[in-house]
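The values are calculated or read from the model by the stated rules, or taken from the named source; none is laboratory data. Quick caveat, the model's predicted, so the values are computed rather than measured. Cβ: placed from backbone, ideal geometry, glycine included. Neighbour counts: every protein chain shown.
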Amino acid sequence: MSEIYDKYLTVEQQKKIKAIPDERRWNNYRNFDLELEVWDSFWENTFKWESKETPEVLDYGCGAAYDEIVAKKLKKANVTSLDIDTKEVRIVFGRFHEVTGVSAKYWNGETMPFDDNSFDAIISKASLSKLVNSSWEQALSELTRVTKAGGTWYVAPHYMSDRLVENMPDNIKKALTEKSVNFCSWTWNTEDPRNRYWRNKGIVTEDAAGGHDFNYENRTTIGQHVGKEGNE
C-alpha cells in the first residue's frame with residue numbers, strides 16, 4: 001500500500017498538499033499517505049453496509065476530509081464533511097479542501113445544518129471530544145438528531161469511545177436507544193512513525209513548530225489567499 005496516495009490524489013494535488021504551511025498539530029494531515037491508508041482500511045474493513053442503496057454518511061470533525069475522498073473513489077458512501085466554524089479551521093483545512101475539491105460544511109456549535117434523520121452513519125476520527133465552541137451534550141444531541149433510526153456511529157480512537165459510553169447524558173442515551181443506533185469502536189496505528197501528531201508528547205513551541213503562525217486574527221479565509229505554493 002506504499003503507493004496508495006497515487007490511487008486517491010494526483011501528482012499535482014500531492015505537491016500542493018506538501019506545500020501547505022506548517023500548522024503545528026494539524027501537520028499530520030500533510031502526511032496524506034498515512035491518512036489515506038487509514039481511510040482505505042476503514043472503508044474496506046471496518047465500515048459495514050448491506051443495503052443496495054448508497055449510504056449517507058456524516059464525517060464529524062472532518063479536518064482535511066480524506067474520508068470523503070476515499071469513500072468517493074471506492075464508491076462506498078456519500079460522505080458529507082463537517083467541521084466547527086472557526087477562522088482557524090476554515091483557513092487551515094480550507095487549504096486542503098481547495099486542493100482536493102471537497103466542499104465541507106461548517107456548524108456553529110449549536111445546530112448542525114442538516115434535517116432530522118439525515119445520515120445512515122456518523123464517523124468521528126479523533127474529533128468527538130474536541131468540543132471547540134460547543135458542549136459535550138450539544139454535540140451528542142445534534143449527532144443523535146441527524147442520525148437515522150438503526151444508524152451506526154463509528155468512533156475512534158478507543159479512548160473516545162470509552163468516554164462516550166462513560167459520560168453520555170441519560171436523555172441522549174434514551175434518544176439513541178429509541179432510535180436503535182449502533183456503535184462501532186475502531187482505531188488505527190498511532191505508533192506509525194509518520195504520525196507526527198500522535199508521537200508528539202511534549203509542548204510544541206513556536207520555534208519547534210517551524211515558524212507556526214499562532215495568531216489567526218489578521219489571516220485571510222479560503223478564497224482570499226493565494227495558497228497555490230503554500231504562501232499567502
**Report entry** In segment 107-142, residue farthest from the chain's Cα centre (by Cα) [restricted to those that are of a type in the set (S, T, Y) and modelled with pLDDT under 90]
**Finding:** S135
**Report entry** Every residue from segment 95-106 that is within 13 Å of the chain's Cα centre (by Cα) and either buried (at least 24 other Cβ atoms within 10 Å of the Cβ) or under 12 Å from G63 (Cβ atoms) (or both)
**Finding:** F96, H97, V102, A104
Query raised in the report: Take the residues of segment 50-61 that are surrounded by 15 or more Cβ atoms within 10 Å (Cβ to Cβ) and at pLDDT 95 or above: which is farthest from the chain's Cα centre (by Cα)?
Result: P55
Report task. Within segment 45-101, count every residue that is touching a residue at least 60 places away in the same chain (Cβ under 8 Å), in contact with a Cys (Cβ under 9 Å, 6 or more places away or on another chain) and among the small types (G, A, S). Result -> 0
Report summary line: Residues of segment 138-162 being of a type in the set (F, W, Y) and surrounded by fewer than 17 Cβ atoms within 10 Å (Cβ to Cβ), in sequence order, are Y159
Query raised in the report: Quick check, is A71 at positive phi and surrounded by 20 or more Cβ atoms within 10 Å (Cβ to Cβ)?
Result: no
Requested in this report: Run down S81, S127 and say which single residue is under 18 Å from T147 (Cβ atoms) and out of contact with any helix residue (DSSP H, G or I) (no Cβ under 7 Å at 6 or more places or on another chain).
Outcome: S127
**Report entry** Flag for K15 being farther than 28 Å from D115 by Cα, more than 16 Å from the chain's Cα centre (by Cα) and surrounded by fewer than 20 Cβ atoms within 10 Å (Cβ to Cβ)
**Finding:** yes
Requested in this report: Evaluate the following for W43: is it of a type in the set (F, W, Y), part of a loop (DSSP other than H, G, I, E, B) and at pLDDT 95 or above?
Outcome: no
